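As structure tokens, the structure follows; a few thoughts come after it.
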Amino acid sequence: MLKPEVSDKDHASGPSKAPVTLVEFGDYECPHCGRAYPIIKDIQQTMGKQLRFVFRNFPLNESHPHAFMAAVAAEAAAKQDKFWEMHDIIYEHQDSLEMDDLLDYAKQLGLDIRQFAKDIQDKSTSGKVEHDFDSGLRSGVNGTPTFFINGKRYDGDWENDLAQRLADSF
Amino acid sequence: MLSPGAAAPDFELYATPDQKLCLHELKGKRVILAFYPADWSPVCGDQMSLYNEMLNYFRKHNAELVGISVDGKWCHNAFTADRKLHFPLLADFEPKGEVAKAYGVYNEEEGQTKRALFVLDEEGTIRWSYLSPDGINPGADGILDALEEMNAEKAVN
């Protein structure tokens, strides 16, 4: 089961009262998560208000050396209310995740760069990433991406079956 | 499959091409034995890579992680380097699957170890075990829960 449950500390796209909540634990440098990105966009389009999509960080630091900083960058953007925009840009540029690139994306999003640079260094920002990772461990995350539908880990074939499973779950 | 309360069978297996590891060398620490079918499954965040990210959590609980499959020591050597693993992979290679059989987790049909987890206490007694379907990576929550329960029991005693 997902621990802790989804709360207002999470980044959620979609109504909080939606009948279906999909949580993804993702790594910004993971190619599988990269493939999942457009699939989820499609699902969000199809399901509209029936779906609340939540993203939690699960960077595999040993395998993906840029993943942690990318996650911190997205959380820093969140402090200026641009989490999803940054999340999207990063997934659309997975092979350009150096610090310079992340700063570029922040500029593209019109963020206050000085604030952004400060927030990247702030312990509370990296703390959110670590907190998500801990949540993943507790919840039984077993790779990236790992999905939870209404709190329960999804063990199916997300590339081909996730949309159907979500439609079936309400 | 061996259950909690049983003494964990000792073993001596190659952990690198020229060094063997004996289970009894780890007495005094808790041990997580992760039996898994084979190296080189084609996904990132495969079970061993995943546990690699969690070593700090395990060490905080005074637990050492050891992976075991029937792959040979040179295969483990290459896999360890490729995935940048920071814990030993043991070769249950010759006699094939002997240690897995001692723990009751050998898959005779496939000639591989099953996907099974054991958590041992500092004295080498099994305190938690779990068999996962081959196709499902069990994650680490069971291991962490077991370690925390062991902490809680210690606190009470």
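All of the numbers you see were taken from the coordinates with simple rules; none came from a lab. Predicted model only: the values in this text are computed from it and were never measured. Every residue, glycine as well, gets a Cβ built from its backbone with ideal geometry; the counts of neighbours run over all protein chains shown.
Among the GluC sites (Glu not before Pro) in segment B:61-141, those placed in a DSSP loop whose Cβ has at most 12 other Cβ atoms within 10 Å are B:Glu108, B:Glu109, B:Glu110, B:Glu123. Neighbours of B:Ala8, meaning other residues whose beta-carbon lies under 15 angstrom from its beta-carbon, give a summed charge of -4 when Lys and Arg score +1 and Asp and Glu score -1. When you filter the chymotrypsin sites (Phe, Trp or Tyr not before Pro) in segment B:1-46 for DSSP loop state and at most 11 other Cβ atoms inside 10 Å of their Cβ, you are left with B:Trp40. Excluding same-chain neighbours fewer than eight residues apart, the lysines reachable from B:Lys29 by a Cα-Cα span under 23 Å are B:Lys20, B:Lys60, B:Lys154. Basic side chains Lys and Arg get +1 at the Cβ, acidic Asp and Glu get -1 at the Cβ, and with that the dipole of segment A:11-168 about its Cα centre reaches some 780 debye.
Here the protein assembly as shown is described by how far its Cα atoms reach on the three principal axes: 61, 44, 43 Å, from widest to narrowest.
Listed values for segment B:58-71 are Karplus-derived 3J(HN,Hα) couplings in whole Hz (6.51 cos²θ - 1.76 cosθ + 1.60, θ = phi - 60°), namely 5, 5, 4, 9, 6, 10, 9, 9, 9, x, 9, 9, 7, 4, and x replaces Gly and Pro.
Among the GluC sites (Glu not before Pro) found in segment A:85-142, those both in a DSSP coil and sparsely packed, with 15 or fewer other Cβ atoms within 10 Å of their Cβ, are A:Glu98. Positive contributions from Lys and Arg (+1) and negative ones from Asp and Glu (-1), summed over other residues with Cβ under 13 Å from the Cβ of B:Trp40, come out at -3. Note on segment A:11-168: lysine pairs with Cα distance below 16 Å, sequence gap of 8 or more or different chains, count 11.
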